[in-house]
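S.K.: Below: one structure in structure tokens.
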Amino acid sequence: MPTRKRLQSVKLQADYRKISVDQISERIFLLNSRVFGFSHRSLSSLRHPRIPFVLECLKWSSNIEKKNVSELLDMFEVNTNEVERWERAAAIFDKKIHALVIDKPRQQLILSREIMQQLEVLWCFLMDSKNRIITEDAYKNFHGRLYTYFLGVDEMSLQTAWLSSLNADFLWDCRNNRGVNFEAFCLSMLELADNWTFSRESDDFIAFFKSVVSFIVLPTKPSELKHTSLFPLMSGMFFSGGIIEKVLHNGRIEYIKIKK
């Protein structure tokens, strides 16, 4: 599990279900400030701030030897009051998301050359080389491993618990297409890093993505990697940093660098 940068921490509730809207707002605006919105994510999504918060309340670490899986199962049971409070806080954040203090660091992260390089590595590992998308199966397998990565537990009961959130994330990220395209994948991964680094610094995002690559990609045996998966990095379709735009070429959407 990646090391999260913490400047401060909200005084944690003994019962995380009782956190107030004010406490949530303090967390997402000041103490562990975010730059990407989360109102479109479910409360059990890895991109929603509730999950890291609950793990802190439980003093949970993926490295602890004795794990009480029932505590994690309870975490995925969300009551109506919780939903209302988190939704109110998310709506407050959405109203402020275009403020310069939030928008500027967000744009810096989006245009970071080094961050894009790490995302390209993951993209090439996950995408279907024929259709240039991440299929539903590949997406869900990847995110199942991410849940295991953050929670440090690989239990069938937990896989069932997080399934609905995983399905919801895929439906959002695929944008009514057959799979997830490069643009949607990058934004989705930036949201993920925003939720787990507790930082606005590009170096922390880069370190986060490197840790994910180390866990997801590097353990894979070379024989299991398709040689065609390396093609996109050399094809001119992807650019490390800079600004890209979407174009329609021969009936297929591609991404090209904007000439200055």
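S.K.: If a residue must be under 18 Å from R200 (Cα atoms), touching a Ser or Thr at 6+ places or on another chain (Cβ under 9 Å) and surrounded by fewer than 21 Cβ atoms within 10 Å (Cβ to Cβ), how many such residues does segment 27-56 contain?
M.R.: 2
S.K.: Follow-up. Within segment 79-138, restricting attention to residues that are charged (D, E, K, R) and not in a helix (DSSP H, G or I), which residue is surrounded by the fewest Cβ atoms within 10 Å (Cβ to Cβ)?
M.R.: So, considering only residues that are charged (D, E, K, R) and not in a helix (DSSP H, G or I), the one surrounded by the fewest Cβ atoms within 10 Å (Cβ to Cβ) is K130.
S.K.: Restricted to segment 41-78, and to residues that are hydrophobic (A, V, I, L, M, F, W, C), part of a helix (DSSP H, G or I) and within 18 Å of F198 (Cβ to Cβ), which residue is modelled with the lowest pLDDT?
M.R.: Filtering first and then ranking leaves C57.
S.K.: Something else now. Looking only at segment 193-203, how many residues end up being at negative phi, buried (at least 20 other Cβ atoms within 10 Å of the Cβ) and not hydroxyl-bearing (S, T, Y)?
M.R.: 4
S.K.: Kindly evaluate F150 against the criterion of being in a helix (DSSP H, G or I), at pLDDT 95 or above and either over 19 Å from M116 (Cα atoms) or under 12 Å from the mean Cα position of the chain (by Cα) (or both).
M.R.: The answer is no for F150.
S.K.: Within segment 153-169, take every residue that is modelled with pLDDT under 90 and not polar (S, T, N, Q) and give me the one that is nearest to E56 (Cα to Cα).
M.R.: Filtering first and then ranking leaves V153.
S.K.: Then there's this: Identify all residues within segment 1-21 that are modelled with pLDDT under 90 and in a helix (DSSP H, G or I); write none if there are none.
M.R.: Y16, R17, K18
The values are calculated or read from the model by the stated rules, or taken from the named source; none is laboratory data. Predicted model only: the values in this text are computed from it and were never measured. In this analysis, Cβ positions are derived from the backbone assuming ideal geometry, glycine residues included, and neighbour counts consider all displayed protein chains.
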